[in-house]
Amino acid sequence: MKFHLTILGSSSATPTSDRYPSSQILNISDKLYLVDCGEATQIQLRRYKFKIQKINHIFISHLHGDHYLGITGLLSTMSILGRTTTLHIYSSHLLKDIIDLQIKISDIHLGYALEYHFLKYDASELLLTDKNTSIYSFPLTHRIPTCGFLFINSVKEKNIIREFLQKEQLTFDEIKKIKVGEDYITGDGRIIKNQDITMAKSKPVSYAYCADTMYDESVVPYITGVDLLYHEATFMHNMSDAAREKQHSTTIDAANIALKANVKQLIIGHYSARYTELEPILKEAQSVFANTILAIEGKTYYLSD
Ligand SMILES: [Zn+2]
Ligand SMILES: [Zn+2]
């Protein structure tokens, strides 16, 4: 059950020569999900050899330029390269207005449909669910309406334990029902509980994306216990006043949220362009939450193989 995260951009408002505005791509069971689409996202996708036509879902956290200014270019390239498959965009309704205007003025004719799913910014919402993957949005606290996203992959079907399979002569239909969680009724009417004869195929894997948010503990219930939490850390601790004023977070803020949410690992990013060295940023976050790593362009993080 593949669950890979690749960072395409780790910079905040302004890029540097080697850091790009926010964007990341998740490969979950060979499906690609793009999360934010700052400038240069399509260039980064090419650089790291992602097949852009395999992206069917794009999630835009909010409408500060460093999170969406790359989207119209990407949409146009997809069309030029012959895309016909519908593309789903999860965003503010205002992004549709922006894209519609750009497409109209530039006389772009997309060869495929865009299907928008407008985000709610006041409560968590299930955005998408398929066989094994569920994707939720949840509210963040920033200067304009902003959402985080939670990705959970779990193999819902169960395995039937071998001893039981060998003992009972199960029909195909009975096997199917047990695998999806039903109890088994024996020939003489005894009920055998599903949990006594099955085991989960694998543990669920989860990733939460908290981009552009000030320190706010109200996010904790949405992200508790995730395997990997991305939390922005625009500033170091000595700039906490600037962080409050701009409704961003510091290294210590991100680490405290990770601690309170009891996550397994924290990945920080959205670094201010003022920082040329990232090691001090990492050390500062690790002083509060030891299992912290840095978001680095082009690096892939393997939550599950
Ligand atoms: Zn930003
Ligand atoms: Zn922002």
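Every number here is computed from the coordinates shown, using simple stated rules; none is lab data. Being a predicted model, the structure only gives us computed values, none of them experimental. When we count neighbours, we look across all protein chains shown, and the Cβ atoms used for this are built from the backbone with ideal geometry, even at glycine.
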Selection from the stretch 86-105 of residues surrounded by 13 or more Cβ atoms within 10 Å (Cβ to Cβ) and not in a helix (DSSP H, G or I) yields Leu87, His88, Ile89, Tyr90, Ser91, Ser92
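Yes/no matrix, rows are residues, columns are (1) out of contact with any Pro (no Cβ under 9 Å at 6 or more places or on another chain); (2) of a type in the set (Lys, Arg); (3) surrounded by 13 or more Cβ atoms within 10 Å (Cβ to Cβ); (4) assigned to a loop (DSSP other than H, G, I, E, B):
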| site | (1), (2), (3), (4) |
| --- | --- |
| Asp107 | yes, no, no, yes |
| Tyr112 | yes, no, yes, yes |
| Tyr116 | yes, no, yes, no |
| Lys120 | no, yes, yes, yes |
| Leu128 | yes, no, yes, no |
| Lys131 | yes, yes, no, yes |
| Ser137 | yes, no, yes, no |
| His142 | yes, no, yes, yes |
| Pro145 | no, no, yes, yes |
Please work out which one of (1) within 22 Å of Tyr20 (Cβ to Cβ); (2) in contact (Cβ under 8 Å) with a residue 40 or more places away in the chain is the condition Gly73 fails and give its number.
(2)
Considering only the stretch 21-40, state which residues are within 20 Å of Gly148 (Cβ to Cβ), out of contact with any Cys (no Cβ under 6 Å at 6 or more places or on another chain) and within 14 Å of ligand 1 (Cβ to nearest atom).
Pro21, Ser22, Gln24, Val35, Asp36, Cys37, Gly38
For the list (1) in a loop (DSSP other than H, G, I, E, B); (2) in contact with a helix residue (DSSP H, G or I) (Cβ under 6 Å, 6 or more places away or on another chain); (3) crowded, with 24+ Cβ neighbours inside 10 Å, I need the number of the one condition that His248 fails.
(2)
Tell me yes or no: at least one residue of the stretch 63-84 is touching a Phe, Trp or Tyr at 6+ places or on another chain (Cβ under 6 Å), among the polar types (S, T, N, Q) and loosely packed, with under 15 Cβ neighbours inside 10 Å.
yes
